[in-house]
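I have placed the structure first, in the form of structure tokens, so that the comments after it can refer back to it.
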Amino acid sequence: MPSNTEFDWSIARRRRFGVWRYRELLPLHNDIEPVTLCEGGTPLIKISRAMNGNVFVKFEGANPTGSFKDRGMTVGITIAKSLGVEGVIVASTGNTAASAAAYAARAGLQCIVVLPRGGVAKGKLAQALLHGAKIVEVDGVFDDALEEVFTEVVINGKRNLYPLNSYNPWRLEGQKTLAFEIVDELREPPDYVFVPVGNAGNISAIWKGFKELYNYGLIRKLPKMVGVQAEGAAPLAKTWTLKSRTLIPIERPMTIASAIRIGRPVNWLKALKAVEESSGVFITVSDDEIVNSMRDLAVYEGVGVEPASAASLAGYRKALEIGIIDKGDVAVLVATGHALKDPDTITKYFSRGD
Ligand SMILES: *Cc1c(COP(=O)(O)O)cnc(C)c1O
């Protein structure tokens, strides 16, 4: 990594100061004080019983609010604070709300979260309440909630509110550090990275991270990016398969995995490019496959993830099955959020030890 005398790397390294450890690779002025909860620096866990092969799980549930959203939120809220706004506003399937609420609290900013009524897992809603966010519920799905944020900020001109959805480039800047950590730990990029895809910010951000390392000459090859979507909420997989140059939206996205229940992903073009440039692929998995993968990670590996996160293992299994990848290939599965986020799904599907 390039050196920079103004930032004390030794302290950052010692404290596993995840995202901000890579400050030199974030386009922020050095005078800006980060709003941080020491996010990032999450475990990369080799799995063996749920799946043998060269498979690692990047356990993002170990972030301060329990999902990878914290990587982006630390940067987004840092920017919001430096701009001097009164508050932030986000539409969310839940984890963005939980994360925004916590980081806004830390920064002393108001937080408004717009949620699809009935579409948010209980743990996430509880976090938003706990951290004092103002909750606005809209009828419909995530896409309708996002529309509401656009209306508030752009049409009603609430300029004292800073929008922090994943079309906000600063969040993606923070999220790209996931790629840096993988390379730091494996010493080189894996062959494949499996990412559950909803609004498609994360897969775009992770790809950006790898590309930057490559462009700086710090790595010599790039991984292939595999975007995994749930069968009932797979606008990108569909767009990809039909080779359409415009997004084919899904009007009523349906899946048990609420974090990826999105029909019109805002980052669709970036995500298509990430997959195309990396010679990767989009694949779909069923809700049953998601639940089975969630169970296997939990009972064979001790890794508790929420349903959306289990899509990456389900996707890996499918990729093996249809012959896209080999057992010998090194794969990283991004486990995006913690099991505690969605207790209702666990009690519904995993009762009585079945
Ligand atoms: C947000 C989220 C996703 C989807 O990420 P995108 O950047 O929207 O594609 C997947 N899993 C979990 C747990 C999430 O919170």
Options Phe150, Phe142, Phe180; residue that is crowded, with 24+ Cβ neighbours inside 10 Å and either of a type in the set (Phe, Trp, Tyr) or modelled with pLDDT under 95 (or both): Phe142
Segment 83-121: number of residues that are out of contact with any His (no Cβ under 8 Å at 6 or more places or on another chain), part of a helix (DSSP H, G or I) and either modelled with pLDDT of 95 or more or in the same structural domain as Ala257 (by TED's automatic domain parsing) (or both): 8
Candidates Ala257, Ala234 - the one that is modelled with pLDDT of 95 or more and within 11 Å of the ligand (Cβ to nearest atom): Ala257
Single residue of segment 285-312 satisfying the filter (in contact with a Gly (Cβ under 7 Å, 6 or more places away or on another chain) and in a helix (DSSP H, G or I)) that is farthest from Thr336 (Cα to Cα): Ala298
Scan of segment 235-254 for residues that are surrounded by 21 or more Cβ atoms within 10 Å (Cβ to Cβ) and either hydrophobic (A, V, I, L, M, F, W, C) or within 17 Å of the chain's Cα centre (by Cα) (or both), ordered by number: Leu236, Ala237, Trp240, Ile250
Set Ala91, Ala128, Ala105, Ala100: member being surrounded by 20 or more Cβ atoms within 10 Å (Cβ to Cβ) and either more than 14 Å from Leu164 (Cβ to Cβ) or free of Cβ contacts under 8 Å to residues at least 40 places away in the same chain (or both): Ala128
Residue ranges of strands (runs of 3 or more DSSP E) in segment 128-227 with at least 2 members away from the ligand (no atom under 14 Å from the Cβ): 134-138, 161-163
Evaluation of Thr74 against (1) assigned to a loop (DSSP other than H, G, I, E, B); (2) modelled with pLDDT of 95 or more; (3) among the polar types (S, T, N, Q) (one fails), failing number: (1)
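The values are calculated or read from the model by the stated rules, or taken from the named source; none is laboratory data. The structure presented is a predicted model; accordingly, all values stated were derived computationally and were not measured. Note that we place each Cβ from the backbone using ideal geometry, even for glycine, and neighbour counts take in every protein chain shown.
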